[in-house]
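Throughout, read-outs are computed from the coordinates displayed, never taken from laboratory work. As the structure is a prediction and not an experimental result, all values here were calculated from the model. Cβ: placed from backbone, ideal geometry, glycine included. Neighbour counts: every protein chain shown.
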């Protein structure tokens, strides 16, 4: 009996193995530059299916990697069973309690669309198609993180399947160690089938993108430094250098402000003084339209990314970023952190003492991405005096390790929990804590 037939006898959901029509599409990562040579793909019908698969995997000596949508895939999976949880798509909004409950397959766009009419929001990132569960297991860096902290810090409960195949509800009271680990420590400890989390007030939101020609990039960066130097926690702003194929290079600032437009305009006034602006999409936004700020692609595509945390946005940092065009990268982005993210969180993500994150992205060419990688490496090396080597788990890239995301004490605690809760290695996350 081959692996596909074996698994079809275990679960009710669809199973695809090598040689089956649709197998290559089913195993595909969101990042098409990442290959996933898995043994089989299981699309679970429900949480009972997940539990049945785990019980079988433990007895058969198999390993399961769970990816609701393929975001964050690292490619280093080996001969695993890839579990897809897209069909676990329940969503409940309890506005009076300011609570949402989302199945493992639910994307942020659905949550925001359902919460927005109630003047509420979850702590979503920039993309509406990223799943709540995958994002939150990695900590979750939100547009509203400066105000409310890590998305993981808002979790109230997880529905999980443990390494023995038992289903349970995990809270800070029922299993404090596992609850702590799942709020930002990755997917190495249990399979999350649903997540319950707090929603936050967002009766008014103002945001959008401002664009300038590249020759204004230094002036825009100076104004950005002024804005972020005094920004309240309600304001998050990202500075970007952009070079799209066939288009002139650009400088941009994306912003999201929890409050009135008049207050947002006052806070962003230094940017309004920079001449030559090409466009400005800033406007009052329903929370449901949060993804429109950056308008990230909502279909899979190839890419190579690298992130660093910056200790300060010093003159030397600005000079490094602006000294020459970013080619062959498509974007070089600065994300303002601080605020609640710089305070203790009670999660593995901890606190971010670094006030800025640098995120570099490019599309691999015929060289397999070597030129993109080299340019990222060049920029990162030049910034070594201002980087710490730590990276948020949610921004780790293929080839990096979980150890890059955590303090030594946190990593040791996560590793101890992994050994105790999953001694047979039934689960493998995108970035295993024991690697």
Sorted on mean Cβ neighbours within 10 Å (highest first), peptides 395-408, 79-92, 265-278 come out as 79-92, 395-408, 265-278
Neighbour-count ranking for 424, 206 (other C-beta within 10 angstrom, fewest to most) reads 424, 206
Taking N as the number of residues in the range 206-395, the ratio of its alpha carbon radius of gyration to 2.2 N^0.38 Å works out to 1.01
Each label sits 7 Å from Cα toward the beta-carbon; between residue 273 and residue 299 the label points are separated, in nm, by 4.4 nm
Contact order relative to length for the chain, counting C-alpha pairs under 8 Å separated by 6 or more residues, stands in percent at 17 percent
Placing each pseudo-label 7 Å from Cα in the direction of the beta carbon, residue 380 and residue 247 end up separated by a distance in nanometres of 2.6 nm
Between the alpha carbon centres of the range 271-316 and the range 95-135 the gap in Å comes to 20 Å
One finds the C-alpha centres of the range 202-220 and the range 1-55 to be spaced, in Å, by 43 Å
By Cβ neighbour count within 10 Å, fewest first, 48, 289 rank 48, 289
Per the 1/(1 + (r/R0)^6) rule, R0 = 45 Å and r from the Cβ atoms of residue 280 and residue 407, FRET efficiency to 0.05 is 0.65
Expected max-MSF residue from 282, 12, 21 in the GNM of the chain (alpha carbon, under 10 Å) is 21
In degrees rounded to 10, the 0-90 angle between helix 47-60 Cα long axis and the longest Cα principal axis of the chain is 60 degrees
Quick calc, residue 263 & residue 363: beta-carbon distance into FRET formula, R0 30 Å, rounding 0.05, result 0.20
Taking only the Cα positions of the range 33-163, the convex hull volume per residue in Å³ is 112 Å³
1/(1 + (r/R0)^6) with r = Cβ-Cβ of residue 92 and residue 171, R0 = 22 Å, i.e. FRET efficiency to nearest 0.05, evaluates to 0.85
Residues 427, 361 in order from fewest to most other beta-carbon atoms within 10 Å are 361, 427
